């Protein structure tokens, strides 16, 4: 299900208040942040977990997350004991931003009482709540969270593209840059420039006079871990391979 360009896989349950998803595994309930939360926070630069074994009441944080523009918590929508944490996020926090429904999962909890999924909702039931949240916080989701943003609004196209090229050259193979421009020739010139530089145009979106373009070093389906969030969600040993 897609709400305001944010993806919410149909096979997960959601905590509206916490902005998290949940899925039952044989040995616990897996938690992660939604694409809306990931877009709100931006590219994560730090993740810190509560210790494994900690007993958490509903609404308490299993982890804190930080980016250059955001500091917040990932909260559990039910009471439980923390039995596993995705330590890959400590070394590579951006996994939580770019792959919130797969390699960017956060924690696994063992419920303390009742059925924890009773306090969660299915995607269709969450549509109205998430739609209001996205509108209220002005969240903009893309197919993959960009690492950088380049504004060409009111600027000269060659200068804007030079800045974009510098960021692409300095980044790794998974680097994604969000370009926004109001240049009237951008619809023609930007795709030509991307093709000439042998980059990949991952997404385009026009909002009024503004053109938004996601530029990557390689196509979305070929980039490591940049998978469709509606596909399998891996945790535990699968996520660490």
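Values for this structure:
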| read-out | value |
| --- | --- |
| Output for the range 10-26, where each listed residue is surrounded by fewer than 21 Cβ atoms within 10 Å (Cβ to Cβ) and within 14 Å of residue 108 (Cβ to Cβ) | 23, 24, 25, 26 |
| Complete set of residues in the range 173-191 that are surrounded by fewer than 13 Cβ atoms within 10 Å (Cβ to Cβ) and in contact (Cβ under 8 Å) with a residue 40 or more places away in the chain | 173 |
| Condition check for residue 14: in a strand (DSSP E or B) and either farther than 23 Å from residue 134 by Cα or within 16 Å of the chain's Cα centre (by Cα) (or both) | yes |
| Filter result (touching a helix residue (DSSP H, G or I) at 6+ places or on another chain (Cβ under 9 Å), assigned to a strand (DSSP E or B), surrounded by fewer than 19 Cβ atoms within 10 Å (Cβ to Cβ) and touching a residue at least 40 places away in the same chain (Cβ under 8 Å)) within the range 27-67 | 46, 48 |
| Residue 72 being surrounded by fewer than 23 Cβ atoms within 10 Å (Cβ to Cβ), on the phi > 0 side of the Ramachandran plot and in contact with a strand residue (DSSP E or B) (Cβ under 7 Å, 6 or more places away or on another chain) | no |
| Identity of the residue in the range 133-148, surrounded by fewer than 14 Cβ atoms within 10 Å (Cβ to Cβ) and without any contact (Cβ under 8 Å) to a residue 40 or more places away in the chain, that ends up nearest to residue 18 (Cα to Cα) | 136 |
| Residues of the range 116-133 classified as over 18 Å from residue 101 (Cα atoms) and in contact with a helix residue (DSSP H, G or I) (Cβ under 8 Å, 6 or more places away or on another chain), total | 1 |
| Scan of the range 88-97 for residues that are farther than 13 Å from residue 21 by Cβ and in contact with a helix residue (DSSP H, G or I) (Cβ under 8 Å, 6 or more places away or on another chain), ordered by number | 88, 89, 95, 97 |
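Bear in mind that the values in this text are calculations on the coordinates, not laboratory data. As the structure is a prediction and not an experimental result, all values here were calculated from the model. FYI the Cβ positions are ideal-geometry reconstructions off the backbone, even for glycines, and counts take in every protein chain you see.
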